[in-house]
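First comes the structure, then the notes that go with it.
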Amino acid sequence: MNKKIALALKRIEKDIENDDLGKARDRLHGLISAYPNELELRKMLGDIYFQLKYPAMAGRYWYLEKIKTPQMKKACMEFENSMGHDMNKIAQALKYKGDIELLEGLDVDPELLSSQYKVKDKLVEEQDVPIGPTYKLIIFGCLSVILSIIIFASVGVYTFFKWMF
């Protein structure tokens, strides 16, 4: 592992020892966003959420774990229930931005078989789709309209005050 990750993990361990799980949770969120390919960080974050009594959130971070304990399976099912078993919502909630090839080697849990395959396929399909020129044009148009409204409102307020005084 990276030297920065090792230092951060030491701080996280100290936070856990000091029973400051919130700070450890926040640090792990930062590490996961910086190092999305480190699936061990997701497992650690799931453990912290489980200790904080948030099993659905724990299941969210344990969802991509290869070997699951019975409590992990139960938490993953609770996470699926909280997302209404909607594969799009589940894939979006996982916020996996790492290497797709890591998911290819993922063994699917027999109890979550069909849903995990669908979510895995959804994650592979929608990985970092670049914004096309049509969407850029729409964004430009919306920003232009907003800017025009601000300009006209400013001119109107100026004219009103000039008229009044």
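The values are calculated or read from the model by the stated rules, or taken from the named source; none is laboratory data. Predicted model only: the values in this text are computed from it and were never measured. No Cβ is skipped: glycine too gets one built from the backbone with ideal geometry, and neighbour counts run over all protein chains shown. Just the protein is used for accessible areas: all its heavy atoms, side chains included, with ligands, DNA and RNA removed. Shrake-Rupley method; radii C 1.70, N 1.55, O 1.52, S 1.80 Å.
Summary table below
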read-out	value
Of all residues in the stretch 35-56 being in contact with a helix residue (DSSP H, G or I) (Cβ under 8 Å, 6 or more places away or on another chain) and farther than 23 Å from Gln71 by Cβ, the one that is most open to solvent (accessible area, probe 1.4 Å)	Asn37
Search result, residues across the stretch 1-32 that are touching a Lys or Arg at 6+ places or on another chain (Cβ under 7 Å) and either outside any helix (DSSP H, G or I) or exposed (fewer than 15 other Cβ atoms within 10 Å of the Cβ) (or both)	Arg11
Residues that are under 17 Å from Ile5 (Cβ atoms) and either part of a loop (DSSP other than H, G, I, E, B) or touching a residue at least 60 places away in the same chain (Cβ under 8 Å) (or both), drawn from the stretch 33-73	Ser33, Tyr35, Pro36, Asn37, Glu38, Leu39
Count of the stretch 79-122 residues which are at pLDDT 75 or above and either buried (at least 17 other Cβ atoms within 10 Å of the Cβ) or assigned to a loop (DSSP other than H, G, I, E, B) (or both)	16
